[in-house]
Amino acid sequence: MNIRPLLDALDLQEEAARALADDLRAQIDDLQTRLREAETHLEHLAITRKTVTGLADRLPAVAPELPEHPDYPRILDAFNHATGPLRAKDVCEALGHELLPKNVEGTRAKLKRLVKLGILTEADTGNFARKQ
């Protein structure tokens, strides 16, 4: 029996396997390089996070922007002069609005918006105060 064709077939398979192994080694080298780059980037991000959080307490607090309505600065002024919590009716009076239900409800909505912005707090239902 002639085994030469069998040996030639094995040679072809060995060459293909070597080529595949070489290609995979090249891919592994590329992936290791990319992994090192990603890990370095993560380290830099961790250092940046540490730096930023370390400096955060030195940054001045930025007050949220008030909605564009002339009542908002006046509402805050009423709270600056108040000695305790205010109700929507109290704020209406401070703004010089008539104590009509539509005015009180409109003012209450503005107070709730200031609570959402983190400027006021609602200690008890309907009692609003300046956030400390």
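The values are calculated or read from the model by the stated rules, or taken from the named source; none is laboratory data. Note that the coordinates shown come from a computational prediction; the quantities given were computed from them, not determined experimentally. Positions of Cβ are generated from backbone atoms using ideal geometry, with glycine treated the same way; all protein chains shown enter the neighbour counts. The protein model used for the area step is the full one, side chains on, heavy atoms only, and it has no ligands, DNA or RNA in it. Shrake-Rupley method; radii C 1.70, N 1.55, O 1.52, S 1.80 Å.
Restricting segment 1-21 to residues that are of a type in the set (Asp, Glu) and either open to solvent by less than 90 Å² (accessible area, probe 1.4 Å) or not in a helix (DSSP H, G or I) (or both) leaves a set whose member that is modelled with the lowest pLDDT is Asp8. Tell me whether segment 53-74 contains one or more residues that are in contact with a Ser or Thr (Cβ under 7 Å, 6 or more places away or on another chain), assigned to a helix (DSSP H, G or I) and in contact (Cβ under 8 Å) with a residue 12 or more places away in the chain. There is no residue in segment 53-74 that is in contact with a Ser or Thr (Cβ under 7 Å, 6 or more places away or on another chain), assigned to a helix (DSSP H, G or I) and in contact (Cβ under 8 Å) with a residue 12 or more places away in the chain. Checking each residue in segment 79-107 for being open to solvent by 70 Å² or more (accessible area, probe 1.4 Å) and either in contact (Cβ under 8 Å) with a residue 12 or more places away in the chain or of a type outside the set (A, V, I, L, M, F, W, C) (or both) picks out Asn80, His81, Thr83, Pro85, Arg87, Lys89, Glu93, Glu98, Pro101, Lys102, Glu105.
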